[in-house]
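The values are calculated or read from the model by the stated rules, or taken from the named source; none is laboratory data. Since we're looking at a predicted model, the values are computed, not measured. Here the Cβ positions follow ideal geometry from the backbone for every residue, glycine too, while neighbour counts run over all protein chains shown. Heavy atoms of the whole protein, side chains included, go into the accessibility calculation; ligands, DNA and RNA do not. Shrake-Rupley method; radii C 1.70, N 1.55, O 1.52, S 1.80 Å.
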Amino acid sequence: EALAVIRTYGSRAWDAKLREFLAAGVTLAARYRQLRELAKIPIEVAAGTTIRLTPGGQNELVRAILEEFAPRFTPGARAIYVGDTGEKWAYFDERHLAELGVTVEEHGKMPDVVLHFEEKSWLVLVEAVTSHGPVSPKRMAELKELFVNSSAGLVFVTAFLDRPGLFRYLAEIAWETEVWIAQDPDHMIHFNGQRFLGPY
């Protein structure tokens, strides 16, 4: 199409062909943008607030955290931050986080999902692991430093899609943290020493 327009350069048809080509180009760009939007993963993060994550990467796991983990283990929790592999800050309730005493300037240090479980006064920090590591001792120290002023207690969770993902990173997971596997959504693995020792 572009070549056909270029061939009219210098002729009387040039202006009309160029206008037609540019108009069609805008339409095509809009169509591609719309297709990209349709491919995104819709997630409701709050009543009446839906975000759309770019497909691929860890975003399917992020959706599982919000739709499967949160209702089971932090029912009624408020999403404060949701990262997106494509757009980084997919959702951020900066004001609510500030009300808890935390201000954040650098996205790269944030966990993939931050939930405020108001009922227990917990700030649940979730790392979604598909290619990057879990809440290791080093990562736990970084998160403690980032959220040091939080008035809510910190809960550290590493989320995996399946058990093979867990096995790959098992040796790196820090004590005093939790592990959740999307494949088995009703269960949690506690790396918490004696806290849960005792008969059921």
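Of all the residues that make up the stretch 128-144, how many are part of a loop (DSSP other than H, G, I, E, B) and surrounded by 14 or more Cβ atoms within 10 Å (Cβ to Cβ)?
5
Looking at PHE147 and the list (1) free of Cβ contacts under 8 Å to residues at least 40 places away in the same chain; (2) among the aromatic types (Phe, Trp, Tyr); (3) open to solvent by less than 10 Å² (accessible area, probe 1.4 Å), which single condition is not satisfied?
Evaluating PHE147 over (1) free of Cβ contacts under 8 Å to residues at least 40 places away in the same chain; (2) among the aromatic types (Phe, Trp, Tyr); (3) open to solvent by less than 10 Å² (accessible area, probe 1.4 Å) leaves (1) as the failure.
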